[in-house]
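Asker: I have a structure here, written as C-alpha cells, and I will follow up with some questions on it.
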Amino acid sequence: MQDGRLHCYLCPRHCHIGEGQSGFCFIRKNEGGRLVQLGYGRPAAVAMDPIEKKPLNHFFPGTKILSLGTAGCNMGCFFCQNWDISKAKADQVRAADLAPDDVVELAMRYGAPSLAFTYNEPTIWGEYVIDIAREAHEAGLNTVMVSNGYITREAFFDIYEHIDAANIDLKAFTEKFYAKVTLTHLQPVLETLRWLRHETNVWFEMTNLIIPTLNDDNSELKQLCEWVLENLGDNVPLHFTAFHPDFKLVDKQATPPETLHGARRLATEMGLKYVYEGNIFSDGGDTICPGCKKRIIRRSWHSVLADDVRQGKCKDCGTTIEGVFEKAEVERRRTDAHLHPVTE
Ligand code: SF4
C-alpha cells in the first residue's frame, strides 16, 4: 500500500500489515516489505485420524487420513476446541520440520490414502497447502480441506483447484453469532459454499456445531436448512455436532443429545438426504439409503462397522449414494474440473 503496509487479501479480513507486524491470524507477517507465511513447513499438529473425524462420511468411508495444522487462525471463535494452536503464534508452538514431500512420504509410509489440512484454518497457510496437495496428487493421494470457509474468491480458486474434498463449518445462521462469537461475518462463508457447489467438482460436506442458547434455536436451524436446500441442493451431507465447554465458552453446557436428534429430524423432514449427528454416541452417524431407507453404512463414533455401498450405490436397492467411494470418481472429478478462476 502507499503507506508501506501490506494488504493481505487471502481472507475477507483484508489485513493491512505494517512492517514487523502480523495479520489477525498471526502467521502472515510483514518482514521487510514482504508478506511471509510462518507456518510453511512447520505443522504444530500432525496425526493419523479416521476420515469420519473430519467429519467426512461420503468420501472413502472407513479410511485413514494424515491430518496436519499449524499455529494461528483467521477466526476468533470463543468456543474453539483447538485454541492451544489456533490462538498461538508460530513461535509459541512446538512445530515439526516437514517439507511438502515429507508430509506425502509420511502418509504413504503409514498407509493413508488421503491428507487433511485441518485443526486450525488451512486457508491462512494456503501456500503450504498447495505445495503439499500438488505432491500428494502426483503420488496418488487425495486432499481434503477442513475449513471455516472464510476465504476470498481470489484465494479460493488458487487453493481449491488442488483439493478433492472439504468439510466446511457453517457455525450458525445469524450474522449476530458470527460477529459476536467468531469475530467474522456470515455472508462470505455462504458465498464459499455456493462457489464449491456451483464452480468446482470438490466433494464437500458441512458441519454445524450446536451451542446451547447461542445457535440452537429451531427457527434458525430451519432457516439454515432452507438455505442449504435452495442454494446447494438436498445431497450435501450436514453434520450437527455437539459442543463441549472450552476456551472462552466454559459457562455454556454441553449440547444435550436431544438437541442433535431434534436438529437431525428437522433437517431430514425438510428434505436433506444425509443428516448426521457427531461428537455423541448415537446411531445418528449411520448413513441411510435415501431410496430404501436401510442403514447402508453403520458407524460407531468414528469407526465404520459395516458398509453396503457398492460402486456408489446402495447394495440392496441400487439407489445412487452421492459422494466419492471409488478412486475412479476422484479421478473423474479432477479431470472434469470446471473451475473459473478470477483474475481481477
Ligand atoms: S489470512 Fe491472515 S493476514 Fe491475511 S487477511 Fe486473513 S487474517 Fe489477515
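Asker: Which count do you get for residues in region 24-39 that are in contact (Cβ under 8 Å) with a residue 40 or more places away in the chain and either part of a loop (DSSP other than H, G, I, E, B) or farther than 13 Å from residue 127 by Cα (or both)?
Answerer: 6
Asker: Any idea how many residues of region 11-20 are more than 26 Å from the chain's Cα centre (by Cα), more than 7 Å from the ligand (Cβ to nearest atom) and in contact (Cβ under 8 Å) with a residue 12 or more places away in the chain?
Answerer: 3
Asker: Here is a further query. Examine region 99-111 for a residue that is in contact (Cβ under 8 Å) with a residue 12 or more places away in the chain and touching a Gly at 6+ places or on another chain (Cβ under 8 Å), and state whether such a residue exists.
Answerer: To start, the set of residues in region 99-111 that are in contact (Cβ under 8 Å) with a residue 12 or more places away in the chain comprises 99-101, 103-104, 106-108, 110-111.
If we keep only those that are touching a Gly at 6+ places or on another chain (Cβ under 8 Å) too, we end up with 99-100.
Yes, that holds for at least one residue.
Asker: Which is open to solvent by 10 Å² or more (accessible area, probe 1.4 Å) and more than 21 Å from residue 81 (Cβ to Cβ), of 131, 216, 169?
Answerer: Values: 216 fails: more than 21 Å from residue 81 (Cβ to Cβ); 169 fails: more than 21 Å from residue 81 (Cβ to Cβ).
Criteria check complete, one pass: 131.
Asker: In contact with a strand residue (DSSP E or B) (Cβ under 6 Å, 6 or more places away or on another chain), in a helix (DSSP H, G or I), aliphatic (A, V, I, L, M) and farther than 18 Å from residue 70 by Cβ: is that true of residue 190 in this structure? Step through it out loud before you land on a result.
Answerer: Values: in contact with a strand residue (DSSP E or B) (Cβ under 6 Å, 6 or more places away or on another chain): no; in a helix (DSSP H, G or I): yes; aliphatic (A, V, I, L, M): yes; farther than 18 Å from residue 70 by Cβ: yes.
No; evaluated as a whole, the condition is false for this residue.
Asker: Which condition from (1) touching a helix residue (DSSP H, G or I) at 6+ places or on another chain (Cβ under 7 Å); (2) open to solvent by 10 Å² or more (accessible area, probe 1.4 Å); (3) at pLDDT 95 or above is the one that residue 78 breaks?
Answerer: All conditions pass for residue 78, except number (3).
Asker: Inside region 56-87, can you point out the residues that are closer than 27 Å to residue 15 by Cβ, of a type outside the set (S, T, N, Q) and part of a loop (DSSP other than H, G, I, E, B)?
Answerer: Matches in region 56-87: 71, 72, 73, 75, 76, 77, 78, 79, 80, 87.
Asker: Could you please find all residues in region 108-142 being within 16 Å of the ligand (Cβ to nearest atom) and either assigned to a strand (DSSP E or B) or farther than 18 Å from residue 41 by Cα (or both)?
Answerer: Listed by number, the list holds a single entry, 117.
Asker: Only one of (1) in contact with a helix residue (DSSP H, G or I) (Cβ under 6 Å, 6 or more places away or on another chain); (2) small (Gly, Ala, Ser); (3) within 16 Å of the ligand (Cβ to nearest atom) fails for residue 90. Which number is that?
Answerer: (1)
Asker: Also, quick follow-up: Considering 8, 73, which residue is over 24 Å from residue 277 (Cα atoms), out of contact with any helix residue (DSSP H, G or I) (no Cβ under 8 Å at 6 or more places or on another chain) and within 15 Å of the ligand (Cβ to nearest atom)?
Answerer: Within the list 8, 73, the selection yields 8.
Asker: Looking at region 46-54, is at least one residue farther than 30 Å from residue 312 by Cα and more than 9 Å from the ligand (Cβ to nearest atom)? Steps first, please.
Answerer: Here is the first cut: in region 46-54, the residues farther than 30 Å from residue 312 by Cα are 46.
Applying the additional criterion that residues be more than 9 Å from the ligand (Cβ to nearest atom) yields 46.
Yes: one or more hits.
Asker: Scan region 231-274 for residues that are touching a residue at least 24 places away in the same chain (Cβ under 8 Å), open to solvent by 10 Å² or more (accessible area, probe 1.4 Å) and not in a loop (DSSP other than H, G, I, E, B) and jot them down.
Answerer: Selection gives 231, 241, 246, 249, 257, 259, 262, 264, 266, 270.
Asker: Let me ask another. In this structure, does residue 321 turn out to be without any contact (Cβ under 8 Å) to a residue 60 or more places away in the chain, of a type in the set (Val, Ile, Thr) and open to solvent by less than 40 Å² (accessible area, probe 1.4 Å)?
Answerer: no
Asker: Out of everything in region 30-45 that is charged (D, E, K, R) and within 15 Å of the ligand (Cβ to nearest atom), what residue ends up being least open to solvent (accessible area, probe 1.4 Å)?
Answerer: Residue satisfying both the conditions and the ranking: 31.
The values are calculated or read from the model by the stated rules, or taken from the named source; none is laboratory data. From a predicted model like this one, the values you see are computed outputs, not experimental measurements. Cβ: placed from backbone, ideal geometry, glycine included. Neighbour counts: every protein chain shown. With ligands, DNA and RNA removed, areas are computed over all heavy atoms of the protein, side chains included. Shrake-Rupley method; radii C 1.70, N 1.55, O 1.52, S 1.80 Å.
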